[in-house]
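Chemist: Sharing a structure with you now.
Only the coordinates and a few stated rules stand behind these numbers; no lab work does. Just so it is clear, the structure is predicted and the values come from calculations on it, not from any experiment.
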Amino acid sequence: MTTDLVTYYGQTPIIDQLIDKYGVYLEKLDREDKLLLRMALANYVFMQEHSNPDKYTVEMALEDVLSDPGFIKKNWYDICSVLNGLTTLEAETILEALQHQIRWGNAR
């Protein structure tokens, strides 16, 4: 029996929404998307501990990690919007799956 990569690390309704939209291996995201999502989620986790967690969103984290907002593609906001209400534990779960894919999997 095989296990879906993202849900192997953890499964919640928000993670289910992410994999419903982008695939169980997030295969609908390319390497650039995954690298940027990893940057945004790492910043999101950090800022959840250093700001008001109820007001800091994944979209804000995305904007914060890029110095040029014009560089942000529309689909990146779409990816982040799926993650509204994400907990730090869920973010860490997705980060683990992304790290695996970037290093060993379909995003090399």
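Chemist: At 0.36 nm per residue, and after removing the present C-alpha to C-alpha distance, how many nm does the segment from LEU89 to ASN75 gain when stretched out fully?
Modeler: Gain on extension, LEU89 to ASN75, equals 2.7 nm.
Chemist: Provide the per-residue ³J(HN,Hα) series for the stretch 92-99, in order, calculated from phi with Karplus coefficients 6.51, -1.76, 1.60 and θ = phi - 60°, each as a whole number of Hz, with x at glycine and proline positions.
Modeler: Using θ = phi - 60°, the values come out as 5, 4, 5, 4, 4, 5, 5, 4 Hz.
Chemist: Given N residues in the chain, what is its alpha carbon radius of gyration divided by 2.2 N^0.38 Å?
Modeler: In units of the globular-protein estimate, the chain measures up at 1.00.
Chemist: May I ask you to derive the relative contact order of the chain, considering only C-alpha pairs under 8 Å and at least 6 residues apart, and to give it as an integer percent?
Modeler: Dividing the mean separation by the residue count of the chain yields 38 percent.
Chemist: Per-residue HN-Hα couplings for the stretch 14-22, Karplus 6.51 cos²θ - 1.76 cosθ + 1.60 at θ = phi - 60°, whole Hz, x for Gly and Pro?
Modeler: Those phi angles translate into 5, 5, 4, 4, 4, 6, 4, 7, 10 Hz.
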